[in-house]
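As structure tokens, the structure follows; a few thoughts come after it.
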């Protein structure tokens with residue numbers, strides 16, 4: 001059994017996803033079967049294999065280091081659930 | 001008057017250029033089809049007023065010299081469209097209105113096409129049946145209770161039902177080819193980097209590619225020509241000259257070598273699919289192609305590799321949905337952290353949660369080497385299998401899927417049985433290669449079955465030519481009685 005309920009709770013916390021107890025139960029079962037499925041890879045000895053770094057057959061290009069704010073402040077703020085003229089607004093962080 | 005539902009995109013383009021039909025007439029035809037076909041639930045958003053306005057503007061023009069002159073086209077709701085809602089099939093993006101246009105869709109509009117609306121898909125393209133969409137499942141026009149495949153299920157269904165003359169989808173593990181196979185249509189996943197990913201809602205960035213879905217191979221060549229381009233806004237975009245896939249399409253494949261991988265003959269594969277595969281091999285032999293048995297020994301590890309790599313990338317990509325900058329925000333929670341957790345708990349559906357959690361787990365401290373690093377190594381072995389094969393053959397022929405379209409609800413309770421659908425399509429994404437699915441027959445229930453051709457990187461022209469040759473010999477006929485109208 002690769003994963004148990006307490007680990008699922010921990011991963012949910014790391015993923016910033018709230019889950020009720022019912023969901024944790026059903027997801028634990030699913031995650032366990034998925035992880036069991038992917039553990040098939042352990043059949044393979046990969047000690048000598050180099051890790052694949054990129055599937056793109058090219059070196060990534062660097063652009064010139066020029067500051068450009070894009071002049072799209074309003075566009076960026078447009079879809080925000082809560083904002084004022086210049087900022088995204090979020091619930092209180094410090095008590 | 002021609003029956004627009006039974007002619008190809010290529011033929012429609014010809015009619016427009018000859019002024020036998022106007023863009024507005026085309027638009028009205030598709031709007032009528034869409035309105036009569038709401039039962040299939042293909043669309044998340046339509047923008048008919050804009051479509052009509054744009055087609056009138058087009059008709060007033062004098063120059064029809066483009067690839068898609070005045071052609072109304074609906075696209076998967078994973079492509080950002082400026083000022084038109086883009087949801088990715090998720091509650092979390094239910095009200096998201098992009099302020100920019102994806103490169104691939106802007107390429108379509110540059111060639112004269114006009115947006116009809118946004119097509120339903122699995123949430124964040126995570127699914128193989130279109131049942132994970134927040135906006136409800138899509139119905140396959142082939143049969144009332146069948147899934148259209150996924151994740152580009154709205155696209156495949158809308159295309160088969162003639163709600164759009166062609167469409168585009170995205171393919172991370174089979175999301176174009178599997179739904180094409182399930183609906184009797186053609187779907188192509190290009191070489192990684194041929195089409196820009198800029199402006200496409202990201203799922204797994206090292207696997208995602210946009211591609212055409214069409215009624216035949218000729219249309220597919222035309223659409224690929226329209227959407228592919230070098231784009232400096234996508235750092236993995238390939239800088240190469242644009243190809244004339246449709247002009248260079250030809251059926252002469254004599255002397256080519258096609259590989260048949262023994263590992264794709266899986267247990268419990270229906271006899272009909274095996275027979276279809278043999279039929280494809282026979283056609284190729286008759287066309288003067290040399291058939292060569294090949295081996296892709298790591299095929300059985302492709303799905304397990306995929307279900308580590310794809311969720312890992314998804315968990316990183318989906319970290320942006322935090323209820324702050326755009327998208328849904330929960331009003332529950334006393335502080336910032338609780339707001340994040342509730343937003344994501346309420347905003348994501350079950351399949352997305354499963355994948356984000358798996359991805360977070362395989363990337364987390366203590367598990368990274370055992371899962372993620374291991375998978376990246378196996379991915380290299382899978383790619384090497386293909387590299388070795390392409391030293392011997394020009395392309396590889398396989399079935400597209402291990403079964404025909406299944407019933408709605410049939411596989412929703414067991415994620416693994418759903419994942420197994422992509423067994424023949426996933427290796428291609430892991431290796432970054434192009435592949436096409438084309439309809440090649442029907443099973444005893446009349447459900448379409450597809451054959452898949454895989455070629456080497458950037459060898460799309462040759463792959464399209466082989467598909468074109470098979471298609472002309474197979475003469476697949478789709479007889480839809482439009483039961484949904």
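FYI, it's all coordinate maths here, none of it is from the lab. Here the structure is a predicted model, which is why all the values come from computation and not from measurement. When we count neighbours, we look across all protein chains shown, and the Cβ atoms used for this are built from the backbone with ideal geometry, even at glycine.
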Legend entry - Protection proxy ranking of B:265-271, B:200-206, B:390-396 - average other beta-carbon atoms within 10 Å, highest first: B:200-206, B:390-396, B:265-271
Legend entry - Between 0 and 90°, nearest 10: helix A:5-14 axis offset from chain A longest Cα axis: 20 degrees
Inset, instruction - Run the numbers on segment A:1-65 and let me know its relative contact order in percent, using alpha-carbon pairs under 8 Å that are six or more apart. - result: 36 percent
Legend entry - Of all DSSP beta bridges in the protein assembly as shown, antiparallel share, percent nearest 5: 70 percent
Inset, instruction - List B:339, B:213 from most exposed to least, where exposure is judged by having the fewest other Cβ atoms within 10 Å. - result: B:339, B:213
Inset, instruction - Quote to one decimal, in nm, the extra length available between residue B:472 and residue B:325 on full extension: 0.36 nm per residue of separation minus the C-alpha distance between them. - result: 47.9 nm
Legend entry - Average beta carbon contacts from partner chains per residue of B:324-330, 10 Å cutoff: 5
Inset, instruction - Would you mind giving the mean number of other chain beta-carbons within 10 Å of the Cβ of each residue in B:336-346, as a whole number? - result: 5
Legend entry - Fewest-first sequence of B:186, A:93 by Cβ atoms within 10 Å of each Cβ: A:93, B:186
Inset, instruction - State, to one decimal in nm, how far the label point of residue A:89 lies from the label point of residue B:286, with both points 7 Å from Cα in the Cβ direction. - result: 7.1 nm
Inset, instruction - Determine the relative contact order of segment B:391-485: mean sequence separation of Cα pairs under 8 Å and six or more apart, normalised by residue count, in whole percent. - result: 30 percent
Legend entry - Within 10 Å of each Cβ in A:77-85, the average number of Cβ atoms from other chains: 4
Inset, instruction - Using Cα centres only, tell me the gap between segment B:57-73 and segment A:19-95 in whole Å. - result: 40 Å
Legend entry - Order of B:64, B:419 under a 10 Å beta carbon neighbour criterion, fewest first: B:64, B:419
Legend entry - Value at 222 nm in deg cm²/dmol, rounded to 500, when DSSP H runs of n ≥ 4 in chain B each add -39,500 (n - 2.57): -10500 deg cm²/dmol
Inset, instruction - Give me the distance between the Cα centres of segment B:170-227 and segment B:285-334, rounded to whole Å. - result: 14 Å
Inset, instruction - Evaluate the relative contact order of chain B (contact order divided by residue number), counting alpha-carbon pairs under 8 angstrom at least 6 apart; express in whole percent. - result: 17 percent
Inset, instruction - Would you mind putting B:282-295, B:102-115 in packing order, based on average other-beta-carbon counts within 10 Å, highest first? - result: B:102-115, B:282-295
Inset, instruction - Determine the shape class of segment B:4-253: with a ≥ b ≥ c the square roots of the Cα gyration tensor eigenvalues, call it rounded for a/c under 1.5, and otherwise prolate if a/b is greater than b/c, oblate otherwise. - result: rounded
Legend entry - Computed [θ] at 222 nm, helices only, for chain A once each DSSP H run of length n ≥ 4 contributes -39500 (n - 2.57): -11000 deg cm²/dmol
Inset, instruction - Assuming R0 = 41 Å, can you tell me the calculated FRET efficiency for the pair residue B:295 and residue A:21, based on Cβ-Cβ distance, to the nearest 0.05? - result: 0.25
Inset, instruction - Place the peptides B:424-432, B:122-130 in order of packing, highest mean first, counting for every residue the other Cβ atoms within 10 Å and averaging per peptide. - result: B:122-130, B:424-432
